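The structure under discussion appears below in the form of structure tokens.
The values are calculated or read from the model by the stated rules, or taken from the named source; none is laboratory data. All figures in this text were calculated on a predicted structure; none of them were measured in a lab. Note: ideal-geometry Cβ built from the backbone for every residue, glycine included; neighbour counts use all protein chains shown. Accessible surface areas use protein heavy atoms only, side chains included; no ligands, DNA or RNA. Shrake-Rupley method; radii C 1.70, N 1.55, O 1.52, S 1.80 Å.
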Amino acid sequence: MDDVSGGAPGACPKNKKPRHLYRSLTYHHHHPYQGRHLPPPPPAPAPTPPQRPQSVVLYTTSLRGVRRTFADCCAVRAALRGLRVAVDERDVSMDAALRRELQGVLAARGRGFSLPQLLVGGVLVGGADEVRRLHESGELRRILEGAPGQDPAFVCGACGGFRFAPCPACDGSRKVFVEEEGRARRCIECNENGLVRCPNCCS
């Protein structure tokens with residue numbers, strides 16, 4: 001039977017590609033990882049450790065000798081309670097060591113001594129005027145994010161909210177008897193008032 005394509009014998013019909021092209025495209029295209037082990041997946045990122053709650057420290061005084069200072073301390077305390085955060089309140093009138101502690105904090109920042117003073121996460125926020133301004137603008141709530149919460153009606157059952165308790169070593173007398181010496185000596189566990197910070201509600 002004659003070739004109806006009209007071409008030369010052995011030639012490929014029109015509109016048909018040589019088979020070796022299909023073969024080269026189909027069988028000779030290698031994947032870059034063909035015949036080799038795939039690389040191991042990247043290690044999973046380490047879990048982020050939980051963020052430690054920010055401590056909120058408020059230096060105040062319970063003395064009413066200077067009415068404006070006492071009123072400012074009460075105002076800042078009320079603002080923090082309204083935001084339902086736990087506050088480590090440090091009354092400098094009850095412990096001279098706390099007063100020296102605050103003096104060091106303010107001196108390191110070139111500031112004079114004044115009360116109250118608020119620190120959040122170890123950062124000095126400021127006194128009554130700064131706290132009032134931040135509270136009115138809503139910025140104080142953002143600064144306190146991450147601080148431990150507390151019911152504003154909470155009252156410590158151990159100290160009644162005074163933050164101090166009589167020293168258990170000397171019962172508030174500031175003296176302990178040393179049997180080896182046969183005499184009483186100054187108690188080193190308490191402050192000048194025979195008090196220690198309440199272990200239940202103070203850090």
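In region 130-141, the residues that are touching a residue at least 40 places away in the same chain (Cβ under 8 Å) reach residues that are open to solvent by 100 Å² or more (accessible area, probe 1.4 Å) with C-beta atoms within less than 9 angstrom, at least six apart or across chains, in these pairs: H135/R141; L140/R133. Under the condition of being farther than 19 Å from A78 by Cβ and either in contact (Cβ under 8 Å) with a residue 40 or more places away in the chain or hydrophobic (A, V, I, L, M, F, W, C) (or both), the residues counted in region 152-176 number 9. Of all residues in region 183-197, which are out of contact with any Lys or Arg (no Cβ under 8 Å at 6 or more places or on another chain), open to solvent by less than 50 Å² (accessible area, probe 1.4 Å) and either touching a residue at least 60 places away in the same chain (Cβ under 8 Å) or not in a strand (DSSP E or B) (or both)? Of everything in region 183-197, those that are out of contact with any Lys or Arg (no Cβ under 8 Å at 6 or more places or on another chain), open to solvent by less than 50 Å² (accessible area, probe 1.4 Å) and either touching a residue at least 60 places away in the same chain (Cβ under 8 Å) or not in a strand (DSSP E or B) (or both) turn out to be N191, L195. When you scan region 172-202, how many residues do you find that are more than 30 Å from R81 (Cβ to Cβ) and not hydrophobic (A, V, I, L, M, F, W, C)? Total satisfying the criteria: 11.
What is the number of the single condition among (1) touching a Cys at 6+ places or on another chain (Cβ under 9 Å); (2) over 28 Å from L80 (Cβ atoms); (3) part of a strand (DSSP E or B) that A169 does not meet? A169 satisfies every listed condition except (3).
Every residue, every condition in (1) charged (D, E, K, R); (2) open to solvent by less than 80 Å² (accessible area, probe 1.4 Å), yes or no:
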site	(1), (2)
A147	no, yes
P152	no, yes
G160	no, yes
C167	no, yes
D171	yes, no
E179	yes, no
P199	no, no
C202	no, yes
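Name the residue, out of L134, L118, that is aliphatic (A, V, I, L, M), surrounded by 14 or more Cβ atoms within 10 Å (Cβ to Cβ) and over 24 Å from L63 (Cβ atoms). Just a single option satisfies the conditions, and that option is L134.
Being of a type in the set (D, E, K, R) and either surrounded by fewer than 17 Cβ atoms within 10 Å (Cβ to Cβ) or part of a helix (DSSP H, G or I) (or both) is the filter here; which residues of region 68-95 pass it? Spell out how you get there, then give the answer.
Narrowing region 68-95 to residues of a type in the set (D, E, K, R): 68, 72, 77, 81, 84, 88-91, 95.
The answer is R68, D72, R77, R81, R84, D88.
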